[in-house]
1. Could you tell me whether E81 is surrounded by 14 or more Cβ atoms within 10 Å (Cβ to Cβ) and either over 24 Å from the mean Cα position of the chain (by Cα) or polar (S, T, N, Q) (or both)?
2. Could you check the range 125-171 and list, in sequence order, the residues that are among the aromatic types (F, W, Y) and closer than 15 Å to I82 by Cβ?
3. Out of (1) in contact (Cβ under 8 Å) with a residue 40 or more places away in the chain; (2) closer than 24 Å to E192 by Cα; (3) among the hydrophobic types (A, V, I, L, M, F, W, C), the odd one out for V145 is which?
4. Any chance the range 28-51 includes a residue that's at pLDDT below 90, surrounded by 10 or more Cβ atoms within 10 Å (Cβ to Cβ) and not in a helix (DSSP H, G or I)?
5. Hey, can you tell me all the residues within the range 120-144 that are of a type in the set (A, V, I, L, M), over 10 Å from T104 (Cβ atoms) and at pLDDT 85 or above?
6. Find the residue count for the range 73-92, including only residues that are more than 21 Å from L135 (Cα to Cα) and either outside any loop (DSSP other than H, G, I, E, B) or touching a Phe, Trp or Tyr at 6+ places or on another chain (Cβ under 6 Å) (or both).
7. For S155, state whether it is at pLDDT 90 or above and of a type in the set (S, T, N, Q).
8. Modelled with pLDDT of 90 or more and either in contact with a Phe, Trp or Tyr (Cβ under 7 Å, 6 or more places away or on another chain) or among the β-branched types (V, I, T) (or both), is that true of I60?
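The values are calculated or read from the model by the stated rules, or taken from the named source; none is laboratory data. All values reported here derive from a predicted model rather than from experimental measurement. Please note: Cβ atoms are built from the backbone with ideal geometry, for glycine as well, and neighbour counts cover all protein chains shown.
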Amino acid sequence: MKIRSNKAGYTRPCKQSPACNSNKAKPGKAYAQRGVGLIEILISVVILSIGFLAAARMQIEGMRSSQGSYFQSQAYFMANEIIDRMRANIDGVRDGYYSQSFTTDSGASNPDCNTNDCDKEQLAEQDLYDWSSHLHPATSDMAPVLPSGETYAASGAINSLGDGRFSVTMTWSEIVNGEENQQTLSLNFITEI
């Protein structure tokens, strides 16, 4: 005779009943299955895969957002750099050397003010050269601070708004949702002229 225990832990003899013999296969009758079936495992693998794909997508979007923030902070640093250079060469600002045509260019000339004495115009040219070299490196071993794309090139421009007010605009290219988009950062400031 078999001994069977209940939930409370008491044991009682098991009589020959279908409940006591449910583990034995009987010809022509279905019996209760124990364990995990192949279908359940496949369903759980599919659910886990969907969860992992969603987590990977969130990771990619987070990285893209982080990269966009990095480019925006670099544009901000570039704009502040030229603003500081203009404040250091206030005579060049007064004489209009940082006017409408002051835009970054890969062909900017280097007056080499680091080793030569320069006047205010040459100092403005040196500022343009240094500023441009961050966006258009002269050598291939240097990477530009802001990315350029097929349609939009990275650039910086200074516009005089009159009465000692200026606007510095940085533009660059970013890939958003698989498409190239132009990003822009503008800072306005006033000089003490």
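1. On the way: surrounded by 14 or more Cβ atoms within 10 Å (Cβ to Cβ): yes; either over 24 Å from the mean Cα position of the chain (by Cα) or polar (S, T, N, Q) (or both): no.
When the stated conditions are applied, E81 does not pass them.
2. If we filter the range 125-171 for residues that are among the aromatic types (F, W, Y), which is where we start, we get 129, 131, 152, 166.
If the condition is that a residue be among the aromatic types (F, W, Y) and closer than 15 Å to I82 by Cβ, then Y129, W131, F166 are the ones that fit.
3. For V145, the exception is condition (2).
4. Yes - at least one qualifying residue is present in the range 28-51.
5. L123, A124
6. Here is the first cut: in the range 73-92, the ones more than 21 Å from L135 (Cα to Cα) are 87-92.
Filter once more, so that each one left must be either outside any loop (DSSP other than H, G, I, E, B) or touching a Phe, Trp or Tyr at 6+ places or on another chain (Cβ under 6 Å) (or both): 87-88, 90-92.
Counting residues in the range 73-92 that are more than 21 Å from L135 (Cα to Cα) and either outside any loop (DSSP other than H, G, I, E, B) or touching a Phe, Trp or Tyr at 6+ places or on another chain (Cβ under 6 Å) (or both) gives 5.
7. Working: at pLDDT 90 or above: no; of a type in the set (S, T, N, Q): yes.
Criteria not met by S155.
8. Numbers: modelled with pLDDT of 90 or more: no; either in contact with a Phe, Trp or Tyr (Cβ under 7 Å, 6 or more places away or on another chain) or among the β-branched types (V, I, T) (or both): yes.
Spelling it out, it is not the case that I60 is modelled with pLDDT of 90 or more and either in contact with a Phe, Trp or Tyr (Cβ under 7 Å, 6 or more places away or on another chain) or among the β-branched types (V, I, T) (or both).
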